[in-house]
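The values are calculated or read from the model by the stated rules, or taken from the named source; none is laboratory data. In this text the structure is predicted, and so the values were computed from the model without any measurement. Positions of Cβ are backbone-derived with ideal geometry, glycine not excepted, and every protein chain shown enters the neighbour counts. What goes into the accessible areas is simple: the full protein's heavy atoms, side chains included, and nothing from ligands, DNA or RNA. Shrake-Rupley method; radii C 1.70, N 1.55, O 1.52, S 1.80 Å.
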Amino acid sequence: MGGTDGMGGRADRDRDADRDRDAEGRARSARPRDGLGRPLPYGAAGVARQPEGVERTPDETVREAQRLLAAGAPFHAHEVFEDAWKSCAGPRPEERELWRGLAQLAVGLTHAARGNAAGGSRLLLRGADRIAPFRSPYGIDVPGLAAWARALAARLDDGDGAPVDPAAQAPRLT
């Protein structure tokens, strides 16, 4: 069996051999990226990426994400929140949804900055819904963030699809 039928044959192995892999064999793209996380051609000058898998305290997560948002780097803030979500920074496992929702807000802003109004709006609303049940842990202004996300989503839905300035539209987390 095998072959080129997509069932684990030679063509699949050859394609996998060309992919960037980490030490555990997981696919990782080594391509450089621009400031909004879009892949650039190999060899192009890109923006330094956030290291993956960094465990931070919740306060460190909020501070680093806020710094990146203010700098107009919501894609990178999303990666910081994703680390917290995946490692569930915080004493309670239910906080996983808080960090996941915050990551969705940051990636929603990323899509809006890339000119993907529909995708940005959907992610902003999904993130707002996900964080809404929380009572402002770690000083995070959950009601303010949810209101910011819903207002930006409405502007994206009503707008002309032009990219937004991510630094000018960055929310205050606390």
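Summary table below
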read-out	value
Arg67-Arg31 FRET efficiency (beta carbon distance; Förster radius 30 Å; 0.05 resolution)	0.75
Residue-normalised accessible area of region 40-174, given per residue in Å² at a 1.4 Å probe	48
Contour minus Cα-Cα distance for Ala118 and Asp160 (0.36 nm per residue)	14.0 nm
Whole-Å distance, taken between Cα centres, linking region 93-135 and region 146-174	11
Whole-percent carbon and sulfur share, accessible surface of region 52-174, 1.4 Å	51
Quarter of the Cα convex hull surface for region 109-174, i.e. its orientation-mean projected area (nm²)	4.0
Label-point separation, Ala168 to Tyr42 (7 Å along Cα→Cβ), nm	3.8
Convex hull (Cα only) mean projected area of region 45-174, reported in nm² to one decimal	7.3
